[in-house]
Amino acid sequence: MSSTTASINSPDVNRKRGNRDKLLLAVIGYVTLTVLAIFCIFPFILIVSSSLSEESAIIEKGFQLIPSSFSTEAYSLLFKYPADMLRAYGVTISVTAIGTLFGLFLTSMTAYVLSRRDFKWRGRFSFFFFFTTLFSGGLVPWYLMIVNYLHLKDTLLVLILPLLMNVFYIIVMKSFMSSIPDAITESAKIDGAGDFRIFMQLIVPLSKPALATIGLFIALAYWNDWYNALLFISKSELMPLQYYLYKMLGNMDGMRKAMMASGAVVNTDLPTESLKMAMTIVATGPILLAYPFIQKYFVTGLTIGAVKG
Amino acid sequence: MKQKQHGFWDDVKKYRSLLLMLVPAVLFFLLFAYIPMSGIILAFKQYDYTGGVFGSPWNGWDNFKFFFNSGDAWRVTRNTALYNIAFIVVNNVVQIFAAILLFEVAGKWFRKITQTVLFLPYFISWVVVGAIAYNLFNFDVGTINVLLKGLGMQPVDIYNTAAYWPVILVVVSAWKTLGYGTIMYLAAITSIDTEMYEAAEIDGANIFQRIMKITVPNLMPTVIILVLLAIGNVFRGDFGMFYNMVGNNGLLFSSTDVIDTFVFRSLTTSNEIGMSAAAGFYQSLLGFVTIMLANYAVRKYDKDRALF
């Protein structure tokens, strides 16, 4: 155990013991990581197999890892009358696209100004933004502001505006832009370029890695948002995907009525349980498909963030 | 004399384009953060819809008295703090453990696949997590009860038993944040000077000694900073998590109600605007004090990593 005994031993014994330790660690490592990986992916497999189970089998035996009888009824029902689901998709896609575009633009523009060392009030403005993470009025005044004073209830804007800017993203972006040499801004100024032009034509192209990472974070926040809809959306045509899913999970009676109204089901024999799981899969689908590809950008972004601190 | 010539308005003129570029952000934070801050006066008012925020009559400390006498104040404060402390401890331990193992043993393809899989839960919404929980914990058809029945045991009524939830919520939090945190720590491990490992190997240290004597101590600065920063948020509950996992299930409130769910409920279901604002104000104050204390600690520990 102690290093003194180890150094007395001949190199040969050392190597042998080293190999044994490495093997032990490898066993521990591979086993633990495999268990953790299964732990992370298992619930998704459960949902997929439940969505492909026959409803009667679920009622009788419950959700199972391997469906005892296979059925795609839940999916065909979902896609038979897809109007509501597609509308929710439409809301989420437009909110995510518009929000990410504007959010990224405003975040990076703000970050650029705060990264300019020659800007006299950069400290004061940085504190102005940062202070909002320290203290807030709380949920109630924020809610009343949006509903009673900005009159944003039941508008598409209420799904976009609250998530538009985030102090944390501004800080990360600022620290990335601070690593771009001042000489670039300086020489452009000498050539007569304005600040906005310097930002758009020089800084933005140089900040691509940070823009990609922050853009993905913003997009993920919009895609997964259900909270603002919970608070501010009551019109069904403005429901984003996650809130639609939330509503349906909690209210299968409502779903039944909606489906009966659209002629999807005639009576009450709706495959409730498998339908819930199928809806979860359909609502998660794009993220599940896209995430292995976008994951590497997150990893790079997080790595930059962690090293820079 | 020269100072006078170069006044405030000269600066405004000099920086006009930069200031213009800040206008949207300033406006955003005024509307969504600073003006709502003035709404904390609601905590001292008897809110009525005709009067609005500023026209409603004052009622002194009544909202606070109501909140603290309801018996909810202590429960939600305790729950919020205890859950966050449990999340901090468990999540960080698991993440560090996973990061060390990924760094030490994993071959390239194994590391790639594992990292991808561990990151998966981070990408899904809390609503989907809620659906997963339903799949697992439902009394009649839930997977856990299927398993228990298969083993000839009694099914458990998880959604009606408060005692299970602290464990469930801690596990779910670890599950959802595992990939994110592991990558942060993996990045920190990767930046450790490899010469230290080589020197240790020459000195005859085995792989476990190297982990305990080099990797872990070198990770400590990152751990301490992340933990201190997390402690600053100990009175902020993750609303999305609690609300989607538990919802408005009154049977579980004793062990699942946090300040955020309490404030939300008082605002939306019982319409207690004044008391809800008072509870929110109380949370903001607690949060402010803990952030200041945590930042003070970070400053003591490593000046460069402090927030301010």
Which of the residues spanning the range B:252-308 are aromatic (Phe, Trp, Tyr) and more than 10 Å from chain A (Cβ to nearest Cβ)? B:Phe253, B:Phe262, B:Tyr296, B:Tyr301
Is it true that some residue in the range B:54-64 is at pLDDT below 95 and under 28 Å from the mean Cα position of the chain (by Cα)? yes
Only residues that are open to solvent by 60 Å² or more (accessible area, probe 1.4 Å), more than 7 Å from every other protein chain (Cβ to nearest Cβ) and farther than 12 Å from B:Pro121 by Cβ: list them for the range B:171-216, please. B:Thr190, B:Asp193, B:Thr194, B:Glu195, B:Met196, B:Glu198, B:Glu201, B:Ile202, B:Met212, B:Lys213
Examine the range A:72-90 for a residue that is in contact with a helix residue (DSSP H, G or I) (Cβ under 8 Å, 6 or more places away or on another chain), farther than 27 Å from A:Ser236 by Cβ and surrounded by fewer than 20 Cβ atoms within 10 Å (Cβ to Cβ), and state whether such a residue exists. no
Residues satisfying the stated conditions in the range A:153-193, i.e. charged (D, E, K, R) and not in a helix (DSSP H, G or I): A:Lys153, A:Asp154, A:Asp191
Residues in the range B:99-117: is at least one within 7 Å of chain A (Cβ to nearest Cβ), over 24 Å from B:Val227 (Cα atoms), open to solvent by less than 10 Å² (accessible area, probe 1.4 Å) and hydrophobic (A, V, I, L, M, F, W, C)? no
Any hit, the range A:176-191, residues being under 28 Å from B:Pro36 (Cβ atoms) and surrounded by 22 or more Cβ atoms within 10 Å (Cβ to Cβ): no
Residues that are modelled with pLDDT of 95 or more and either facing chain A (nearest Cβ under 9 Å) or open to solvent by 90 Å² or more (accessible area, probe 1.4 Å) (or both): does the range B:40-51 have at least one? no
Mind checking which residues of the range B:162-201 are in contact (Cβ under 8 Å) with a residue 12 or more places away in the chain and either outside any helix (DSSP H, G or I) or touching an Asp or Glu at 6+ places or on another chain (Cβ under 6 Å) (or both)? B:Ile192
Taking A:Phe232, is it touching a residue at least 40 places away in the same chain (Cβ under 8 Å), aromatic (Phe, Trp, Tyr) and within 14 Å of A:Asn166 (Cα to Cα)? no
Hits in the range A:194-228 - residues which are in a helix (DSSP H, G or I), surrounded by 13 or more Cβ atoms within 10 Å (Cβ to Cβ), away from every other protein chain (no Cβ under 13 Å) and not β-branched (Val, Ile, Thr): A:Leu202, A:Leu206, A:Pro209, A:Ala210, A:Leu211, A:Ala212, A:Gly215
Pairs returned, first residue in the range B:6-19 that is among the small types (Gly, Ala, Ser), second residue that is surrounded by 14 or more Cβ atoms within 10 Å (Cβ to Cβ) and in a helix (DSSP H, G or I), beta-carbon separation under 8 angstrom, 6 or more apart or interchain, are B:Ser17/A:Asp195; B:Ser17/A:Phe196
Select the helices (runs of 4 or more DSSP H) contained entirely in the range B:1-51, then report the ones holding at least 1 residues which are aliphatic (A, V, I, L, M). B:8-14, B:16-29, B:35-38
Flagged in the range B:224-238 as open to solvent by less than 20 Å² (accessible area, probe 1.4 Å) and part of a helix (DSSP H, G or I), in numbering order, are B:Ile225
Just the residues that are among the acidic types (Asp, Glu) and either open to solvent by less than 50 Å² (accessible area, probe 1.4 Å) or within 7 Å of chain B (Cβ to nearest Cβ) (or both), please, taken from the range A:116-168. A:Asp154
The range B:6-21, subset open to solvent by less than 90 Å² (accessible area, probe 1.4 Å) and under 41 Å from the mean Cα position of the chain (by Cα), residue farthest from the other protein chains (Cβ to nearest Cβ): B:Val12
When you scan the range B:71-89, do you find a residue that is surrounded by fewer than 20 Cβ atoms within 10 Å (Cβ to Cβ) and more than 24 Å from the chain's Cα centre (by Cα), even just one? yes
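The values are calculated or read from the model by the stated rules, or taken from the named source; none is laboratory data. Since we're looking at a predicted model, the values are computed, not measured. FYI the Cβ positions are ideal-geometry reconstructions off the backbone, even for glycines, and counts take in every protein chain you see. Quick note on the areas: whole protein, heavy atoms, side chains included, nothing else; ligands and nucleic acids left out. Shrake-Rupley method; radii C 1.70, N 1.55, O 1.52, S 1.80 Å.
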